[in-house]
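Since the structure comes first, as structure tokens, the remarks are kept for the end.
The values are calculated or read from the model by the stated rules, or taken from the named source; none is laboratory data. Remember, predicted model here, so these are calculated numbers, not experimental data. Every residue, glycine as well, gets a Cβ built from its backbone with ideal geometry; the counts of neighbours run over all protein chains shown. Ligands, DNA and RNA are stripped out before the accessible areas are found, and what is left, the full protein with its side chains, is counted by its heavy atoms. Shrake-Rupley method; radii C 1.70, N 1.55, O 1.52, S 1.80 Å.
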Amino acid sequence: MTGARKRVGVLISGRGSNLQALLDASVDPQFPAEIALVISNRAGAYGLERARAAGVATTTISHKDYPDRDSFDGAIDAALRGAGCEIVCLAGFMRIFTPGFVNRWPNRILNIHPSLLPSFTGLHVQRRAIEAGATIAGCTVHIVTPDLDSGPILAQAAVPVLPDDTEDSLSARILEQEHRLYPAALAWLAEGRVRIDGNRALVNGASASGVLLSPCP
Ligand code: GAR
């Protein structure tokens, strides 16, 4: 890898398994990004322990300590900039940013979502995919824009929905792919290989180069 690694801030609210995937990837000195700071809006989030175990700086910024979304987002923004972050990765971060915050990080915020967007935005998406009778589910890494779960798609991975799936079993199958997909997509952004054209993200000049299909059972 030539040039400096991009400094990344990861925002979490809970378990942090996607954070772990990013931490693990960044152990490789060839990986083009390093995790500079992990921010949680919940003090007890297990992901904070994962970060500490990896020797990464952590801070808790609770939305409950701020009178409104603007001031909460301002505190997050200040922490990220204070740590010299150039890219922000949302990894199970369950708060919605104000447009003002998103616009201060143009094409620099990534999110991972456990559905094949644009299907199933919002919450409980694995359960809703089963209930809707979907036969294919998956996950998406996308650029965050002011509209929820609808920014340019960088990468997707698909998995089958099996007849006896529960919310838990499907979530686990998707999560395995999330852990493959997120480091790959972050690397593309950090290497400057992503170009945004309208609502499409082109990786190395091509669309859909981010598709990963998991093997069928
Ligand atoms: C992941 O499945 C992630 O895709 C989802 O929360 C989980 C966090 O798990 N994110 C969303 O639903 C955002 N809309 P983790 O804390 O183990 O990474």
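Observations on the model:
- Average accessible surface area per residue within the range 1-127, 1.4 Å rolling probe, Å²: 46
- Look at the alpha carbon pairs under 8 Å that are at least 6 residues apart: their mean separation over the length of the range 48-112 gives a relative contact order of 28 percent.
- Considering only alpha-carbon pairs that sit under 8 angstrom and 6 or more positions apart, the relative contact order computed for the range 30-140 is 19 percent.
- Among L110, L181, L123, residue whose mean-square fluctuation peaks in a GNM of the chain (springs only between Cα atoms under 10 Å): L123
- Residue among R15, R52, R42 with the largest mean-square fluctuation in a Gaussian network model of the chain, springs linking Cα atoms under 10 Å: R52
- Over the chain - Rg/Rh using Cα atoms and the Kirkwood inverse-distance radius: 0.95
- Kirkwood-type hydrodynamic radius, the range 107-183: 12.4 Å, calculated from all non-identical alpha-carbon pairs.
- About the Cα centre, charge dipole magnitude for the chain (Lys/Arg +1, Asp/Glu -1 at Cβ), debye: 440
- Shape category assigned to the range 1-67 from the gyration tensor of Cα positions, a/c cut at 1.5: prolate
- Per-pair calculated FRET efficiency, R0 = 22 Å: A53 and D168 via Cβ, rounded to 0.05: 0.30
- Just the protein heavy atoms count here, and of the accessible area of the range 90-160 at 1.4 Å, carbon and sulfur take up 56 percent.
- Averaging the sequence gap over all C-alpha pairs within less than 8 Å and six or more residues apart, then dividing by the number of residues, gives the chain a relative contact order of 18 percent.
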